[in-house]
Amino acid sequence: MSWKLKTLLLVMMTTALTCGFLHHLVPPTVINFERLHIFLFNLCSGGTLLVYFTEGQPALSRRGVTFLALAVAFAVAAFLQWYPAAMLIPLALAKLVEDVRIDHFGSRWPRGLFSPRERVARKFHQAALLCLSLGLLFSSPVILNSVYLKWWTIEKLKLDTFFLGFSFPISLISMSVIFSLMQHARIRLTAVLKEAAFWTVNLGVIIFFLFILAEMFYSQVAIATLLFLAVALILHLYWHEGIQLQQKAFLTSGILFLLITSITGIGYILLTFSRYYTPEISHPLLRLHAFTALYGWNLSGLAVISRHGDFPLKLHSRQVILLHWLTVLVLCPLGYFQPVFAVLAVVAYTWLLARLFFNRGAVDERLTAVQDEHLAAAAAGDSGQVSGSDLDRLPVSR
């Protein structure tokens, strides 16, 4: 990845977080920066990295540049409430993402999702692209109904809430990377558990969304608990089956962030239907839930795919991960309520991104070659894996 793209991603991601704190300077009733906060990280940064990672080229392709430009235009149009443009741009983006998906997976119909021979990593990858293209495609009718037609009104489905869905493709591509860096299943049960994790995550989130719209309390708790168990299962599988590369520390940290996201989500549902549901209690919990999902879990995956060809990095993984946890669990939630912590959160976050994107050092070419071979095999749907003897001969970066 070129330094120009890294710089642009750093600026967009930092601006995204900054927009989440601008209510300290400008009241949301005057200018609401929440949409820029959502779009710049999820769609502009995350979507661009998804296209870049899928195409597998050393630099961002012309199609990737077009996606980035249109995504920024969509973000600006939605923020400024230029709704005619905001309804047209996502249609072009959806077409572009579908072209990328079809070129990479070779079929317009996503039959690989239903094939028992398709590796789970590739299923998550295709699901990420499909989710992104469908989310973009649905944006136009949702905006049309919400702003102009108003044929139906659902209290839980605000326009800003719909835009939050652009974080899900980033979550799925992070899952793809996690499963691509697992050893080949040696026993049938492990393969079945991987497949079950894929369908539980994908169908579970869709069903959970429908239960939220229907305001079905017990069903929400049940499906949220099932999703928590699915994440715990993925952590178990990755802990035992994950290849001992430097990326494992970052991705394990990301799964732990996702566990916290699941726990805070269940807590928020329980709180919503209790007599303790007050802004003083619910708002901090909701902020913690949002920050761990967006800047904890999703950032862990994006950091790995943005530099997947550079590992192992000359990087003190433990120090960077501790900085990540401090920023997401402490500085960001406090920063939402206290301006001084907001400044500290942006500074720490910028330093974290600079370390992740620009840290340079000697790379062990043997380890990188084996990893690239493994990723290529995953992308091709091959069952070949990195052998234990290969790993035994290679130094492991911590």
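The values are calculated or read from the model by the stated rules, or taken from the named source; none is laboratory data. The shown structure was predicted, so the numbers you read here are calculated from the model rather than taken from an experiment. These accessible areas exclude ligands, DNA and RNA; they are computed on the full protein's heavy atoms, side chains included. Shrake-Rupley method; radii C 1.70, N 1.55, O 1.52, S 1.80 Å.
Looking at the square roots a ≥ b ≥ c of the eigenvalues of the Cα gyration tensor of the chain, which shape do they give, rounded for a/c under 1.5, prolate if a/b is larger than b/c, or oblate? Don't skip to the end; give the middle numbers.
On the way: a/c = 1.37, a/b = 1.32, b/c = 1.04.
Verdict is rounded for the chain.
Comparing Tyr218, Tyr336, Tyr83 in a Gaussian network model of the chain (Cα springs below 10 Å), the most mobile by mean-square fluctuation is Tyr218. For the chain, the solvent-accessible area of protein heavy atoms averages 46 Å² per residue (probe radius 1.4 Å; ligands and nucleic acids excluded). Counting every pair of alpha carbons in region 159-201, the share spaced more than 14 Å apart comes to 60 percent. Using C-alpha pairs below 8 Å separated by at least 6 residues, the relative contact order for region 1-100 is 26 percent. Between Gly242 and Gln183, the built amide H atoms are under 5 Å apart, and every one of these is 5 or more places off in sequence or on another chain. Distance between Cα centroids, region 238-253 to region 98-161: provide it in whole Å. After rounding, the separation between the Cα centres reads 29 Å.
From the alpha carbon centroid of region 1-62 to that of region 329-350 is 18 Å.
Where does the chain land at 222 nm, in deg cm²/dmol rounded to the nearest 500, when only DSSP H runs of n ≥ 4 count, each adding -39500 (n - 2.57), divided by all residues? Could the numbers behind the result be given before it?
Numbers: 18 runs with 269 residues, N = 398.
Calculated at 222 nm, the ellipticity per residue is -22000 deg cm²/dmol.
Ignoring any ligand, DNA or RNA, what whole percent of the accessible area of the chain comes from carbon and sulfur when the probe is 1.4 angstrom?
Working: 12300 of 18340 Å².
Solvent-exposed carbon and sulfur of the chain make up 67 percent of the total.
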